[in-house]
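Only one structure is covered here, and it is reproduced in the block below.
Read-outs throughout are calculated quantities, based only on the coordinates presented, and are distinct from any laboratory measurement. This one's a predicted model, so the numbers in the text were calculated from it and none came from an experiment. Cβ: placed from backbone, ideal geometry, glycine included. Neighbour counts: every protein chain shown.
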Amino acid sequence: MDDLYREIIIERYKTPQYRGHLDPHDIHFEDDNPLCGDHIEVTLRVDSDGRVSDARFDGKGCAISQASADLLIESIIGKPLEEVKQLSKQDVLDLLGIELGPVRLKCALLSLKVLKAGIYGLGEASDELVE
């Protein structure tokens, strides 16, 4: 089963479906993983009902960070911001479908950290956002 998920990760890394920028956008945030140099930027549009009507990410980094961002962005489109705020580390790991060590875990969770920092309007992202 891990092989199937590995294939999905490689495919999403090579041909991400949600890479890009939204202009105009309602929410924007970006951050780096200083341990490995991964970078993720997220832009969202939110409709009048508080739902994510469109979302995109951009960035650079390893296959895990980029695939995780693409899968996460896909999963939030159409969801209310209040529901997106409740996403957890386990939700991202479920999207990826593979076991990760501590270093790769930081790569996988960078997009969630950036997403939540943007939604909460924080000036700085914190690892506490993804616990």
Check: How far, in degrees from 0 to 90, does helix 2-14 lean away from the longest principal axis of the Cα atoms of the chain, to the nearest 10?
Finding: 50
Note to self: On C-alpha positions alone, give me the angle between the axis of helix 102-120 and the longest principal axis of the chain, in degrees, nearest 10.
What the structure shows: 10
Notebook entry, point to check: What residue among V46, V103, V114 shows peak mean-square fluctuation when the chain is described by a Gaussian network model with Cα springs under 10 Å?
Noted result: V103
Note to self: Given the DSSP H assignment, sum -39500 (n - 2.57) over each helix run of at least 4 residues in the chain and divide by its residue total; what's the result at 222 nm in deg cm²/dmol, nearest 500?
What the structure shows: -14000 deg cm²/dmol
Check: Exactly which GluC sites (Glu not before Pro) in region 88-130 are in a DSSP loop and have at most 12 other Cβ atoms within 10 Å?
Finding: E99, E124
Next item on the list: Quick one: pull the percentage of alpha-carbon pairs in the chain with a separation above 24 Å.
Entry: 19
